[in-house]
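Since every read-out is calculated from the coordinates, none of them should be taken as a lab result. Model, not experiment: these values are computed from the prediction. Here the Cβ is made from the backbone with ideal geometry for all residues, glycine too, and neighbour counts use every protein chain on show.
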Amino acid sequence: MHAQKRYLIFSNGYRGLHLDSITTKNEIYTVSPAGGMSPAGYWFDIDDTLISRFEPVIPLYIDGHHPVSTSMHRTKGRSIWSWTVTRFGWIGRSNWGFNDEPNEEGFRTRFENGKRCGERFLGSYSAQTDAADTLDMVCHSMGYSYALGFIEAVEPYVVLGKILILAPESPGVAGMDWNKFQEVWQYGSDRFEKGADITCRQDGIAPQCAVVGIDYLEPGKGGRLFIPKGAKKGFIRSHHLSYWDWFYGIRRGERGWFGR
């Protein structure tokens with residue numbers, strides 16, 4: 001008889017320009033696999049914090065890293081142009097200068113690779129029996145589309161627990177019925193919202209809107225949480241997890257707290 005388990009899956013995004021020519025191998029990593037190729041270090045202390053909140057849990061890491069060509073930026077040159085224009089060329093709340101035209105082909109590439117990773121998870125970790133495992137997920141940036149593909153593959157065989165969506169890349173391209181999860185939170189910039197931060201304080205790496213479907217969440221099941229006032233913000237700072245110190249200040253019982 002298959003003993004029920006609870007998995008906490010971390011789906012990372014782009015891992016740096018030095019790896020731009022590399023595409024994920026759709027492998028599943030533990031915290032310290034042989035060879036030191038794990039994307040675990042991508043998460044700074046966020047993964048450690050969440051693992052402690054979900055214990056007992058089995059943490060696993062999947063790699064949503066893909067070349068810039070699969071993103072809305074499409075090229076490194078376009079990303080540098082966007083950074084220059086939105087950082088120095090504009091004040092106020094202009095939306096001009098952001099590379100936010102959907103790259104549906106690139107999104108689909110990441111989604112399909114996520115499905116392959118999900119199929120590998122089913123074969124390696126989660127036996128397809130009546131005793132379904134529970135799956136919680138954390139995804140960031142490019143890891144959003146990768147996570148969607150992973151979820152599509154595993155959904156029939158697991159209990160969907162909770163999901164934390166951090167600064168998703170191309171959130172308006174696709175989503176799902178998030179009510180299938182016990183709880184859903186999207187964290188990131190407040191672009192298009194009333195009283196939104198000025199252009200140069202927005203996330204320009206992954207210009208954001210609400211992920212498709214989150215507006216239809218049932219009451220009490222989550223929602224969106226924006227980077228708070230006083231936090232470090234900007235084209236890179238609003239996106240890169242090394243600047244998300246504010247995340248640790250959210251306490252149990254407060255809106256946006258994420259844990260078991």
For the pair ILE91 and LYS232, the simple spin-label estimate (label points 7 Å beyond Cα toward Cβ) gives in nm 2.5
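Go through segment 204-246 and name the chymotrypsin sites (Phe, Trp or Tyr not before Pro) that are in a DSSP coil and have 14 or fewer other Cβ atoms within 10 Å of their Cβ. If you can, show how the numbers build up before the last one.
Working: sites: TYR216, PHE226, PHE235, TYR243, TRP244, TRP246; in loops: PHE235, TRP244.
Here no chymotrypsin sites (Phe, Trp or Tyr not before Pro) fit, given the DSSP loop and packing criteria.
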Within a Gaussian network of the chain (alpha carbon springs, distance under 10 Å), most fluctuating of PHE121, PHE192, PHE181 = PHE192
Fluctuation leader among LYS232, LYS221, LYS194 - the chain, Gaussian network, Cα springs under 10 angstrom = LYS194
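What list do you get for ARG201, ARG251 if you sort them by fewest beta carbons within 10 Å? Show your work: numbers first, answer last.
Working: ARG201 22, ARG251 8.
So the residues, fewest neighbours to most, are ARG251, ARG201.
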By the gyration tensor of its Cα atoms, with a ≥ b ≥ c the square roots of the eigenvalues, what is the shape of segment 172-228: rounded for a/c under 1.5, prolate for a/b over b/c, or oblate?
-> prolate
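Divide by every residue of the chain the summed helix terms, -39500 (n - 2.57) for each DSSP H run of at least 4, and state the resulting mean residue ellipticity at 222 nm, rounded to the nearest 500 deg cm²/dmol.
Calculated at 222 nm, the ellipticity per residue is -6000 deg cm²/dmol.
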Among the aspartates and glutamates, which have Cα under 20 Å from the Cα of LYS115 when same-chain residues fewer than 8 positions away are ignored?
-> GLU27, ASP63, GLU104, GLU105, ASP133, ASP136, GLU152, GLU155, GLU169, ASP177
For segment 165-260, what class follows from the C-alpha gyration tensor (a ≥ b ≥ c being the square roots of its eigenvalues): rounded when a/c is under 1.5, otherwise prolate if a/b is larger than b/c, else oblate?
-> oblate
Once both labels are modelled 7 Å past Cα along the beta-carbon direction, what's the ARG255-LYS221 spacing in nm?
-> 1.9
